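Structure record follows, encoded as structure tokens.
The values are calculated or read from the model by the stated rules, or taken from the named source; none is laboratory data. Only a predicted model underlies this, so the values are computations on that prediction, with no experimental measurement involved. All Cβ positions, glycine included, derive from the backbone under ideal geometry; neighbour counts span all protein chains shown.
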Amino acid sequence: AQKITQTQPGMFVQEKEAVTLDCTYDTSDPSYGLFWYKQPSSGEMIFLIYQGSYDQQNATEGRYSLNFQKARKSANLVISASQLGDSAMYFCAMREGPGSGYSTLTFGKGTMLLVSP
Amino acid sequence: EADIYQTPRYLVIGTGKKITLECSQTMGHDKMYWYQQDPGMELHLIHYSYGVNSTEKGDLSSESTVSRIRTEHFPLTLESARPSHTSQYLCASSEQGRSRRDEQYFGPGTRLTVT
């Protein structure tokens, strides 16, 4: 079974509008971390935001926020006030186990976001 | 924030050649990783290391090999390149035990084309 599922291959949004990118995950480990990365056309991966399984509040980093619904196993990324530079591929990823341990990341298939003027 | 470097950025090479993709980081991170990514697709972990003299195979089987003789250096080698090896290779690193997040910082990638 897929550990990370991103059901939206592509999303379109107009500049200055908000957009939500979906991510669901599957794990039986009580300790895990969820990450979102942005990959522009240049190819590098840029870390955006992190949510730990024990975090009480949803994570926020500037225009990025994470809508974490633990019972539904979803960790959707919300980008407020979209900008043209937000056009990129977005990947959701999960680390199973505590961050201090020996663990790796599993990535979803990604969502391509296109922001139009 | 980590500084992580990959060379070359682009490589076009003929079938059967031996190649080494270089990856270096300057932050003293213990953990390093290699991912393979086809255009527009997800990343697949092919190798990782928890420290010097430690190497592990990832989820995706790969004909490449890695070594970790120095903390800052994690090269990937293909003994005999084939067209099926054409892909982007991304190197990443993270600190072990110091950050509960354990976020990975990525290099710019190497786009490999084998003709």
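For every residue, the table says whether it meets (1) of a type in the set (A, V, I, L, M, F, W, C); (2) more than 11 Å from chain B (Cβ to nearest Cβ); (3) surrounded by fewer than 18 Cβ atoms within 10 Å (Cβ to Cβ).
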| position | (1), (2), (3) |
| --- | --- |
| A:Pro9 | no, no, yes |
| A:Pro30 | no, yes, yes |
| A:Ser41 | no, no, yes |
| A:Phe47 | yes, no, no |
| A:Thr60 | no, yes, yes |
Legend entry - Flag if B:Val114 is over 24 Å from A:Glu96 (Cβ atoms), hydrophobic (A, V, I, L, M, F, W, C) and at pLDDT 95 or above: yes
Legend entry - From the options A:Ser103, A:Ser82, residue that is in a loop (DSSP other than H, G, I, E, B), out of contact with any Pro (no Cβ under 6 Å at 6 or more places or on another chain) and within 11 Å of chain B (Cβ to nearest Cβ): A:Ser103
Inset, instruction - Quickly run through the stretch B:7-53 and pick out the residues that are surrounded by fewer than 20 Cβ atoms within 10 Å (Cβ to Cβ), under 15 Å from the mean Cα position of the chain (by Cα) and part of a strand (DSSP E or B). - result: B:Thr7, B:Tyr10, B:Leu11, B:Ile19, B:Thr20, B:Glu22, B:Ser24, B:His44, B:Tyr50, B:Gly51
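Residues checked against (1) farther than 15 Å from B:Thr7 by Cβ; (2) among the small types (Gly, Ala, Ser); (3) without any contact (Cβ under 8 Å) to a residue 24 or more places away in the chain; (4) buried (at least 16 other Cβ atoms within 10 Å of the Cβ):
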site: B:Asp59; (1), (2), (3), (4): yes, no, yes, no
site: B:Ser64; (1), (2), (3), (4): yes, yes, no, yes
site: B:Phe74; (1), (2), (3), (4): no, no, no, yes
site: B:Gln88; (1), (2), (3), (4): no, no, no, yes
site: B:Ala92; (1), (2), (3), (4): yes, yes, no, yes
Inset, instruction - Please work out if A:Asp22 is within 17 Å of A:Glu96 (Cβ to Cβ) and either touching a residue at least 60 places away in the same chain (Cβ under 8 Å) or facing another protein chain (nearest Cβ under 10 Å) (or both). - result: no
Inset, instruction - Please go through the stretch B:2-22 and pick out each residue that is more than 15 Å from A:Met45 (Cα to Cα) and among the hydrophobic types (A, V, I, L, M, F, W, C). - result: B:Leu11, B:Val12, B:Ile13, B:Ile19, B:Leu21
Inset, instruction - Of the conditions (1) over 16 Å from the mean Cα position of the chain (by Cα); (2) within 25 Å of B:Tyr33 (Cβ to Cβ), A:Ala71 clears all except one; give me its number. - result: (2)
Inset, instruction - Would you confirm whether any residue within the stretch B:7-18 is under 17 Å from B:Gln88 (Cα atoms) and without any contact (Cβ under 8 Å) to a residue 12 or more places away in the chain? - result: no
Inset, instruction - Only residues in the stretch A:25-47 that are more than 15 Å from A:Gly110 (Cβ to Cβ) count as the first member; pair them with residues that are loosely packed, with under 13 Cβ neighbours inside 10 Å and among the hydrophobic types (A, V, I, L, M, F, W, C), Cβ under 7 angstrom, at least 6 apart or cross-chain, and list the lot. - result: A:Asp26/A:Ala1
Legend entry - Single condition B:Ala81 does not satisfy, out of (1) in a loop (DSSP other than H, G, I, E, B); (2) within 30 Å of A:Pro9 (Cβ to Cβ): (2)
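Residues checked against (1) more than 19 Å from B:Gly107 (Cβ to Cβ); (2) within 14 Å of chain A (Cβ to nearest Cβ); (3) of a type in the set (S, T, N, Q):
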{"position": "B:Thr15", "(1), (2), (3)": "yes, no, yes"}
{"position": "B:Glu22", "(1), (2), (3)": "no, no, no"}
{"position": "B:Thr26", "(1), (2), (3)": "no, no, yes"}
{"position": "B:Trp34", "(1), (2), (3)": "no, yes, no"}
{"position": "B:Met41", "(1), (2), (3)": "no, yes, no"}
{"position": "B:Ile46", "(1), (2), (3)": "no, yes, no"}
{"position": "B:Asn53", "(1), (2), (3)": "yes, no, yes"}
{"position": "B:Leu60", "(1), (2), (3)": "no, yes, no"}
{"position": "B:Ser64", "(1), (2), (3)": "no, no, yes"}
